[in-house]
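The values are calculated or read from the model by the stated rules, or taken from the named source; none is laboratory data. Bear in mind that the values here come from a model prediction, so they are computed numbers and not experimental data. Because the Cβ atoms are built from the backbone with ideal geometry, glycine has one as well, and the counts that use them run over all protein chains shown. These accessible areas exclude ligands, DNA and RNA; they are computed on the full protein's heavy atoms, side chains included. Shrake-Rupley method; radii C 1.70, N 1.55, O 1.52, S 1.80 Å.
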Amino acid sequence: MPNILMVVTAADSIALADGTDHATGFWAEELVVAHRDLVAAGHSVTVATPGGRPAPVDPGSLTAEGVGDADRAADYAAYLDRIAPALAAPAVLADLSATDFAAIVLPGGHGPMVDLAFDADLGRLLVDADREGRLIAPFCHGPAGLLAATRPDGSFAFAGRRLSVFSDAEERAGGLGEATPWWVEATLAERGAVIDDGEPWSSHVVRDGTLISGQNPQSSAAVTAELVAALAATAAA
């Protein structure tokens with residue numbers, strides 16, 4: 001079965017608009033659901049970060065309050081324990097080639113706003129993957145990583161593409177609020193992406209060719225299911 005590249009943030013804090021630091025990382029539900037469902041479908045998953053630095057979990061995503069259910073939070077923590085070696089010593093983005101993977105997956109959490117959005121190695125991988133027709137599946141704050149994808153002429157590789165992302169309305173209501181240092185949805189739109197969001201906190205997946213995106217943590221299972229189906233269709237073609 002195809003190998004999937006899961007690009008994860010290595011940032012464990014984000015500087016807020018007021019200059020204070022806020023603990024962050026990847027959002028547990030998003031990484032766990034995507035990783036578990038891809039493995040269950042028979043795919044291998046390579047976790048990678050900028051510089052191969054350890055991938056930290058957002059501490060808020062392992063609390064009953066953050067998840068909405070204590071049992072689910074415990075389930076996510078247990079799964080993360082099982083894949084701890086991959087998170088502690090991930091692959092180095094700079095060492096990878098898009099041609100070695102059938103798809104690139106970018107789960108969220110606020111961490112991608114700190115590193116992935118500006119990472120040249122991720123940008124190279126995304127531009128190459130898009131050119132080669134590989135599947136790209138960012139969701140929640142993961143689409144922030146798309147901003148790193150700049151072509152040699154300076155243009156944004158995903159300008160004109162339809163996608164979903166953690167909306168600015170959700171950010172204001174249940175994210176970092178007005179303390180957010182920059183707005184992912186608005187920035188993607190400014191760069192030329194065509195934003196297609198659903199109702200806040202609803203599962204919403206958008207497919208535009210090889211780009212499969214999801215809006216929020218609630219979209220984790222649906223975007224992964226769409227990716228698994230797309231991988232199966234590609235393999236059968």
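Using every pair of separate Cα atoms, the Kirkwood estimate puts the hydrodynamic radius of the chain at 17.3 angstrom. Taking amide H as placed 1.01 Å from N in the peptide plane, the amide H of D208 sits under 5 Å from that of S213, each at least 5 places away or on another chain.
Model label points for A17 and D208, set 7 angstrom from Cα along the Cα-to-Cβ axis, are 2.6 nm apart.
Relative to the 2.2 N^0.38 Å rule of thumb, segment 52-176 has a C-alpha radius of gyration ratio of 1.15. Note on exposure: E190, E171 ranked by accessible area (1.4 Å probe, complete protein assembly) read E190, E171, with the most exposed listed first.
The value of relative contact order for the chain, using C-alpha pairs under 8 Å at least six residues apart, is 20 percent. For T63 and D153, a Förster radius of 41 Å and the Cβ-Cβ distance give a FRET efficiency of 0.35, rounded to the nearest 0.05.
What separates the Cα centres of segment 1-56 and segment 105-174 is a distance of 13 Å. Solvent-accessible surface of segment 3-236, averaged per residue with a 1.4 angstrom probe and all protein chains in place: 38 square angstrom.
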